[in-house]
Amino acid sequence: MNRSRRTPSNSGGTPSSPEVTVTRIPVTAVEPVIDCGRYAAKAIVGEDVAVAATVFREGHDQLGATVVLTDAAQREVQRVRMRPGAPGTDRFHATLRPSGIGLHTFTIESWSDPHATWVHAASVKIEAGVDVELMLQEGVHLFRDAASRPEYDPAQQAVLTAAAQTLADEALPVPDRLAAGNSSAVHEVFVVQPLRDLVGVTGPFPLDVQRRLAGAGSWYEFFPRSEGARFDEETSAWVSGTFQTASRRLPEVAAMGFDVVYLPPIHPIGTVHRKGRNNSLTTRDGDPGSPWAIGSADGGHDAIHPELGTEADFADFVSVAAAHDLEIALDLALQCAPDHPWVQAHPEWFTQRADGSIAYAENPPKKYQDIYPLNFDRDPEGLSAAVLKVVQLWVFRGVKIFRVDNPHTKPLWFWEWLIARVRAEHPEVVFLAEAFTRPAMMHALGRVGFQQSYSYFTWRNSREELANYLAEVTQRTAGYYRPNFFVNTPDILTEYLQFGGPAAFKIRAVLAALSNPLWGVYAGFELYEHVARPGAEEYIDNEKYEYRPRDFAGAEARGQSLAPYLRRLNEIRRAHPALQQLQNLTLHEADTEHILVFSKTRTALPEGWHADAETVTDHDHLGPGEDTLIVVVNVDPHTAHEATVRLDLNALGLHQHDLDAAGTFDVEDLITGARYHWGDANYVRLDPFVEPAHVLHVIRRP
């Protein structure tokens, strides 16, 4: 990367004055910029970051723009020339691809382009016979001046000097002289090192580049107490699973291609007002209670439920996970059972009702009598310090990812403070917001620090709903809100899954895994569990309130498991870097309301990209090359549908050599192995009882 550059002027040709804030070539509406730069936009290492800005000037002279990325050490690491957008919009676009983690900044350099201005004016005037020799002489002066600038090396200077000599040679025909100033050799020089005047700088703007799992990964949720749980016939009581028995499940989860194992709370569970089966207020002997009712005489958020094991057992569990390239995500649920130690030691951390009792949690019409929510208004410093201590303890124990329960019920200032404090010491720590609430709050949680969030995907089922939502999260909110597309949770069993049969499970898995870099599955999904508690959108015999051991291996052996399909989807995700990106999704057309079509393309590395090999080892599987997938999904799990699919070929990043004489290109279905010739219009028929989706990889030709 050529780093010998003319130092830009901060004023860009404007007078030095506190009243003048605009550069000589103005830049406005920069993206991604969050709340005028108050918060850093989000990115992950190796990800394509779309940058855009409005760049304009007075008059008719040509201009250009460059985006410059600076790393946490204030070193310039990328410099990419921006390309013009739609004519008349003055929008310029570029793609950055950060190669290291840390708080980066980017600036927009705007500049006058003397060469493009001269080419345009000279071509028009000479063709019209106006000022012919004058325009050629101005070209001579332009090229001689450029050749004297220190930013051009000797070989580049030779090209520019030769162009000046040809322009000055009056013995040559005028068209030949003009062509010398607009030759391919000249353009090659100015592509690598543009000729720039009146350079101004707008920015810097913050860009928080984080590790891969902050923005791309496959999650699998299970309850450790259910893994290995058994019913003792002699005592007529359940025996809880442990970390030791749960660790036996980890190789199977890893074999399905998941990156993260998410555990509900593993702390002691309260006994006061403990919930029974199916959220009953009546508890039977042996009912384990909800893991989210945290705290008892055995301890609080810093303790481990004694039936699961010891700290040493948990450490072994984390080690087994790491040996299978899995990370552990732990639930951070800031609430307490009535017998949590904090209730007696710090009553000021809870809300007192008029009768002197402590208010339990409610989400009308739901009531959670076994849970006391925390109140951050009565002793904010003391309570915040206690929570920080809890998080730091679990980080010390090997947890680097936290799924935060109901963060929208706590003040935003607290999350901004907590996440900043934790990441200042441990920048690798990731926080997921489990927030199914209003968009303003969900987006605000992303702005103040949460790297990812649960999303409305769970309830988006029709083609129109899905298309609108995918457009929103990949284009309009991607700078600060990163959705994790969970297909189900212990709390959520949608009607689509209840009544859609096995095809519905395939469809939701394809949509979640291939449209978004973050997706998640709660155990039992692969077994097609679909029976809901009457009148509720959650599972009957819910695992939140009882042990739920499952015969995963037996179901797979009988051909009654979706695990092989999930394994294949995760294999596709890992093999194709386009699927690790958030902002690269393009929607295409199909002439039926039942078929959704989208593509994801990762282009070759942008010009000027530079990577420090020591910082990209966690992401080197993405590679530098081009990668395109087209996903066609029948979103109706009950009926086969056919359609003509019309593709925006420009969005596929195809080159002329990728097309045959008929304008078609080769694709391979990564689910079935079939190969097709596709073009801009293509017939499809998808039967959900056979295969509800095409996952087509575009075959690049040498």
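The values are calculated or read from the model by the stated rules, or taken from the named source; none is laboratory data. Computed from a prediction, not measured in an experiment: that's the story for all the values here. Here the Cβ is made from the backbone with ideal geometry for all residues, glycine too, and neighbour counts use every protein chain on show. All accessible areas refer to the heavy atoms of the entire protein, side chains included, with ligands and DNA or RNA removed. Shrake-Rupley method; radii C 1.70, N 1.55, O 1.52, S 1.80 Å.
What to note about this one:
- For Glu571 and Glu151, the FRET efficiency from 1/(1 + (r/R0)^6), where r spans their Cβ atoms and R0 equals 56 Å, is about 0.75.
- Within the chain, antiparallel bridges make up roughly 75 percent of the DSSP beta bridges whose residues both belong there.
- Extension gain for the segment Thr89 to Glu428, taken as residue separation times 0.36 nm less the Cα-Cα distance, is 118.1 nm to one decimal.
- Principal-axis tilt of helix 563-575 within the chain, Cα atoms, nearest 10 degrees: 30
- Between His655 and Arg675, the simple spin-label model (points 7 angstrom out along Cα→Cβ) gives 2.0 nm.
- Between region 490-508 and region 19-33, the Cα center-to-center distance that results, in Å: 49
- In degrees, nearest ten, helix 412-425 long axis to first principal axis of the chain (Cα): 80
- Surface exposure of region 55-182, expressed per residue as accessible area with a 1.4 Å probe, stands at 47 Å².
- For q = 0.11, 0.20 Å⁻¹, Debye-computed log10 I/I(0) when each Cα of region 247-354 counts as one equal scatterer: -0.44, -1.06
- Placing a label point 7 Å from the Cα of Val22 along the Cα-to-Cβ line, the residues of region 43-83 whose backbone N sits under 12 Å from it are 55-59.
- Ordering of 69-75, 525-531 by packing [mean C-beta count within 10 Å, highest first]: 525-531, 69-75
- Prolate/oblate/rounded label for region 502-570 (Cα gyration tensor, a/c 1.5): oblate
- Net charge, Gln137 excluded, C-beta distance under 15 Å - Lys, Arg +1, Asp, Glu -1: -3
- Note on surface exposure: Phe350, Phe499 rank Phe499, Phe350 by accessible area, highest first, 1.4 Å probe.
- Gain in span if fully extended, Ala128 to Ala315, counting 0.36 nm per residue against the direct Cα distance: 59.3 nm
- For region 654-699, the alpha carbon positions stretch 37, 18, 13 Å along the principal axes, listed from largest to smallest.
- Accessible area of region 13-89 belonging to carbon and sulfur atoms, whole % at 1.4 Å probe: 53
- In region 132-270, the portion of solvent-accessible area held by carbon and sulfur atoms comes to 56 percent [1.4 Å probe, whole percent, DNA, RNA and ligands not counted].
- Part-to-part distance (alpha-carbon centres) for region 386-451 and region 95-123, which is given in Å: 36
- Rounded to the nearest 20 debye, the dipole magnitude of the chain is 520 debye, with +1 charges on Lys and Arg beta carbons, -1 on Asp and Glu beta carbons, and the Cα centre as origin.
- Mean residue ellipticity (222 nm) of the chain, computed from DSSP H runs ≥ 4 via -39,500 (n - 2.57), nearest 500: -7500 deg cm²/dmol
- Accessible area (Å², 1.4 Å probe, nearest 10) - Trp459: 80
- Three-way shape call for region 53-104 based on the alpha-carbon gyration tensor, with the a/c threshold at 1.5: prolate
- Rounded Å value of the spacing that divides the Cα centres of region 251-279 and region 167-234: 40
- Crossing angle, helix 154-168 versus the chain [Cα axis fit, 0-90 degrees, rounded to tens]: 40
- On a per residue basis, region 478-539 carries 22 Å² of accessible surface, using protein heavy atoms and a 1.4 Å probe.
- From the coordinates shown, Cα extents along the principal axes in Å corresponds to which of (i) 109, 60, 43; (ii) 100, 73, 43; (iii) 76, 69, 58: (i)
- Neighbour net charge for Ala467 - beta-carbon separation under 12 angstrom, K R +1, D E -1: -3
- Computed extension length for Gln369-Phe396: 6.5 nm, one decimal, from 0.36 nm per residue of separation with the Cα-Cα distance subtracted.
- Overall shape: prolate for region 189-310, with the ratio a/c of the largest to smallest alpha carbon gyration tensor axis at 1.5 or above and a/b above b/c.
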